[in-house]
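Data block below; observations after.
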Amino acid sequence: MSINSSSSVPLCVDLDGTLVRTDMLVESVLLLVRQQPIMLLYLPFWLLKGKTFFKQAIASNVLLDDTQYPFNNDVVEYIEEEKSHAREIILVTGSHQSIAEHIGQQTQLFDRVQGTDSAVNLTSNQKRQWLESEFGPGGFDYIGDHTDDLNVWPSARRKLLVARNQNIVKKSGISFDKVFQSPRAGVRDFLKLLRVHQWSKNVLILVPFLLDQRFGDWPATISIVLAFLAMSLLASMTYIINDMLDLQADRQNPTKSKRPLPSGKISLITGGKVVLLLFVSVIFLCLFLPASFNIALLAYLVITLCYSLFFKKVAMLDVCLIAALHTLRVVAGTLAIQAVWSFWLLAFSMFIFFSLALAKRVAELFNLQKADKEKTLGRDYRVSDLPVLIATGVSTGYLSVLIVALYINSDKVRIMYSVPEALWLVCPILMFWIGRIWMKTSRGEMHEDPIIFALRDRVSLDIGGLVAVVVIAAKFL
């Protein structure tokens, strides 16, 4: 039943963290950087001129789209209920007026919207003063979520809170008439944010160590472990940055929309803090690793950022860069232990990861096809590209098996293994696995990330174990 007994008292609703589980200013900044990366250089200068000027500058340069933001469903339902009683609903927000109007048009929930303009930053005391000037003290009900709203609630007739936790209730000393519980982020959400499952890709750093059989070399062992940690933390940092820049596209994807940042389970401010913490951790680990490895790590970071900002939209170039980033992991592992370069290993990495990157794109296109969509948002791929992508992915996958066959026939293998002929069994095993991956993909049964599929697929895990048995047999028989 409605709290309010009189439709004459307006219901005033905050935006950031209240109506939506995100911060619209941060969203606008990220969208601006995504649309015009050069604007990143202007941000510090705008901020020096004050928050009001900063919001005005961002709003003047960003182009808002029709993306669906992560709304607090309980708040929306409450607003709809109050609106059905012919009550005036007003959006009052510290976000810029243009953003407030955009949300108002998108939701059709509000009779009026009022946001920050070029003169007033409508937050805290400024918001309270505006509300009192419009409705008088006690002449409105207010829904908020932030500590800034502690200056607004005392002037409200009814005080409503959207709370991620109970701390604000305890600290404020305010008796709230209604509390909407917003989903809290748990440990599992932060693990998803870090993409810990993606750390399995960084096992590639260990490949040069294993192929060189440096098991008794303790300095190399310590270096490779630190290198694995540094690469994993850096990869997590770049995944978070990529998620922050891809919010709009991810929210239209049935799988990616459930990630912590697009769904609003973890705030963008918290995501930024995690990025900073990861960056400091990587710098610390790099102090104990060779300078050449650190250069490779820097190259990984630069390529990833360029991919996120510029090249993700270029068809085929994006998958080339994904393959290059995986191959760079192998290069980093070689540099970490100062091993001899292996042409065979780099060639194999290039072909197999190009094939798997194409499988990722094909899986995404099949999901689009199921949703009766023709083109990916933020990438230049169409459903009509499927035949070409599948043919290219299958052929490059089998080329990687050819590289393995040529490697097995090399002089180095004859020296390192007792029974090198046994390694030929690896080739048909890989042929079976690649064929199976692409059959699953072409049937639309592939996860949008083949790595996740392989980690959850019993057959793929058994194949990995079988390859390990063959290699050990070739070495010690």
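Using the structure shown, decide if Tyr407 is among the hydroxyl-bearing types (Ser, Thr, Tyr), farther than 27 Å from Glu445 by Cα and part of a helix (DSSP H, G or I).
Considered against the rule, which asks whether it is among the hydroxyl-bearing types (Ser, Thr, Tyr), farther than 27 Å from Glu445 by Cα and part of a helix (DSSP H, G or I), Tyr407 comes out as yes.
Quick one: in the range 118-135, which of the residues that are outside any helix (DSSP H, G or I) and not hydroxyl-bearing (Ser, Thr, Tyr) is least open to solvent (accessible area, probe 1.4 Å)?
By that ranking, first place goes to Leu122.
Specify the residue that is nearest to the chain's Cα centre (by Cα); the eligible residues are those in the range 151-163 that are without any contact (Cβ under 8 Å) to a residue 60 or more places away in the chain and closer than 24 Å to Pro70 by Cα.
At the first step, the residues of the range 151-163 found to be without any contact (Cβ under 8 Å) to a residue 60 or more places away in the chain are 151-155, 159, 161, 163.
Now restrict to residues that are closer than 24 Å to Pro70 by Cα: 159, 161, 163.
Working: Lys159: 35, Leu161: 29, Ala163: 25 Å.
Among them, the one singled out is Ala163.
Which residue pairs have Cβ atoms under 7 Å apart, sit 6 or more places apart or on different chains, and have a first residue in the range 1-28 that is at pLDDT below 90 and a second that is open to solvent by 30 Å² or more (accessible area, probe 1.4 Å)?
Matching pairs, first to second residue: Ser2/Glu81; Ser2/His85; Ile3/Arg158; Ile3/Asp177; Ile3/Lys178; Asn4/Arg158; Ser7/His85; Ser7/Ala86.
Considering only residues that are out of contact with any strand residue (DSSP E or B) (no Cβ under 6 Å at 6 or more places or on another chain), at pLDDT 80 or above and not β-branched (Val, Ile, Thr), which ones fall in the range 371-384?
The answer is Tyr381, Ser384.
Just checking, which of Ala324, Ala359 is modelled with pLDDT of 90 or more, hydrophobic (A, V, I, L, M, F, W, C), surrounded by fewer than 22 Cβ atoms within 10 Å (Cβ to Cβ) and closer than 26 Å to Met244 by Cβ?
Step by step, each of Ala324, Ala359 is checked, and only Ala324 is modelled with pLDDT of 90 or more, hydrophobic (A, V, I, L, M, F, W, C), surrounded by fewer than 22 Cβ atoms within 10 Å (Cβ to Cβ) and closer than 26 Å to Met244 by Cβ.
In the range 202-217, what residues are more than 17 Å from Ala468 (Cα to Cα) and open to solvent by 60 Å² or more (accessible area, probe 1.4 Å)?
Passing the criteria: only Gly216.
Within the range 413-458, track down each residue that is without any contact (Cβ under 8 Å) to a residue 60 or more places away in the chain and of a type in the set (D, E, K, R).
Answer for the range 413-458, where residues must be without any contact (Cβ under 8 Å) to a residue 60 or more places away in the chain and of a type in the set (D, E, K, R): Arg414, Glu421, Arg436, Lys440, Arg443, Glu445, Arg456, Asp457, Arg458.
Scan the range 55-92 for residues that are closer than 14 Å to Ser118 by Cα and crowded, with 21+ Cβ neighbours inside 10 Å and jot them down.
Within the range 55-92, Lys55, Gln56, Ile58, Ala59 meet the criteria.
Under 7 Å by Cβ, and 6 or more places apart or on different chains, what pairs join a residue from the range 279-294 that is among the hydroxyl-bearing types (Ser, Thr, Tyr) with one that is in a helix (DSSP H, G or I)?
Pairs that qualify, where the first residue is among the hydroxyl-bearing types (Ser, Thr, Tyr) and the partner is in a helix (DSSP H, G or I), are Ser281/Leu233; Ser292/Leu335.
Mind listing whichever residues of the range 93-112 are open to solvent by 60 Å² or more (accessible area, probe 1.4 Å) and within 18 Å of Ser28 (Cα to Cα)?
Correct list: Glu101, Gln105.
Which count do you get for residues in the range 344-354 that are under 16 Å from Ile434 (Cβ atoms), in contact (Cβ under 8 Å) with a residue 40 or more places away in the chain and among the aromatic types (Phe, Trp, Tyr)?
Result for the range 344-354: 3.
If you go through the range 160-167 one residue at a time, do you hit one that is part of a loop (DSSP other than H, G, I, E, B) and either open to solvent by less than 40 Å² (accessible area, probe 1.4 Å) or more than 30 Å from Thr238 (Cα to Cα) (or both)?
Scanning the range 160-167 turns up at least one residue that is part of a loop (DSSP other than H, G, I, E, B) and either open to solvent by less than 40 Å² (accessible area, probe 1.4 Å) or more than 30 Å from Thr238 (Cα to Cα) (or both).
Keeping to the range 141-157, report how many residues are touching an Asp or Glu at 6+ places or on another chain (Cβ under 7 Å), under 17 Å from Leu91 (Cβ atoms) and either hydrophobic (A, V, I, L, M, F, W, C) or open to solvent by 20 Å² or more (accessible area, probe 1.4 Å) (or both).
Number satisfying all stated conditions: 3.
Kindly establish whether Ser175 is part of a helix (DSSP H, G or I), surrounded by fewer than 17 Cβ atoms within 10 Å (Cβ to Cβ) and small (Gly, Ala, Ser). Quick ask: steps written out before the conclusion?
Details: part of a helix (DSSP H, G or I): no; surrounded by fewer than 17 Cβ atoms within 10 Å (Cβ to Cβ): yes; small (Gly, Ala, Ser): yes.
When the stated conditions are applied, Ser175 does not pass them.
Tell me which helices (runs of 4 or more DSSP H) are completely within the range 206-252 and hold 2 or more residues being more than 30 Å from Phe71 (Cα to Cα), or say none if there are none.
207-211, 218-245
Can you tell me how many residues in the range 182-195 are over 10 Å from Pro260 (Cα atoms), modelled with pLDDT of 85 or more and either part of a strand (DSSP E or B) or open to solvent by 70 Å² or more (accessible area, probe 1.4 Å) (or both)?
Summing the residues that are over 10 Å from Pro260 (Cα atoms), modelled with pLDDT of 85 or more and either part of a strand (DSSP E or B) or open to solvent by 70 Å² or more (accessible area, probe 1.4 Å) (or both) in the range 182-195 gives 1.
Here's the yes/no breakdown for (1) among the small types (Gly, Ala, Ser); (2) at positive phi; (3) in contact with a Leu (Cβ under 6 Å, 6 or more places away or on another chain); (4) surrounded by fewer than 20 Cβ atoms within 10 Å (Cβ to Cβ):
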{"position": "Asp16", "(1), (2), (3), (4)": "no, no, no, no"}
{"position": "Val20", "(1), (2), (3), (4)": "no, no, no, no"}
{"position": "Ser28", "(1), (2), (3), (4)": "yes, no, no, no"}
{"position": "Val33", "(1), (2), (3), (4)": "no, no, yes, yes"}
{"position": "Pro37", "(1), (2), (3), (4)": "no, no, yes, yes"}
{"position": "Leu40", "(1), (2), (3), (4)": "no, no, no, yes"}
{"position": "Leu43", "(1), (2), (3), (4)": "no, no, no, yes"}
{"position": "Leu48", "(1), (2), (3), (4)": "no, no, no, yes"}
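Looking at (1) free of Cβ contacts under 8 Å to residues at least 12 places away in the same chain; (2) in a loop (DSSP other than H, G, I, E, B); (3) under 18 Å from the mean Cα position of the chain (by Cα), which is the one condition that is false for Trp341?
(3)
Which members of the range 218-240 meet the condition of being among the aliphatic types (A, V, I, L, M) and either in contact with a Leu (Cβ under 7 Å, 6 or more places away or on another chain) or crowded, with 20+ Cβ neighbours inside 10 Å (or both)?
Pass one, the range 218-240, residues among the aliphatic types (A, V, I, L, M): 220, 222, 224-227, 229-231, 233-235, 237, 240.
Those that are among the aliphatic types (A, V, I, L, M) and either in contact with a Leu (Cβ under 7 Å, 6 or more places away or on another chain) or crowded, with 20+ Cβ neighbours inside 10 Å (or both): Ile224, Leu226, Ala227, Leu229, Ala230, Met231, Leu233, Leu234, Ala235, Met237, Ile240.
From the list Gly138, Gly115, exactly one residue is open to solvent by less than 10 Å² (accessible area, probe 1.4 Å), over 23 Å from Lys265 (Cα atoms) and either in a loop (DSSP other than H, G, I, E, B) or touching a helix residue (DSSP H, G or I) at 6+ places or on another chain (Cβ under 8 Å) (or both). Which is it?
Answer to the check: Gly115.
The values are calculated or read from the model by the stated rules, or taken from the named source; none is laboratory data. These numbers were taken from a predicted model, which means no experiment stands behind them. Heads up, the Cβs are rebuilt from the backbone with ideal geometry, glycines too, and the neighbour counts pull from every protein chain shown. Side chains are part of the model used for accessible areas, which takes the heavy atoms of the whole protein and leaves out ligands, DNA and RNA. Shrake-Rupley method; radii C 1.70, N 1.55, O 1.52, S 1.80 Å.
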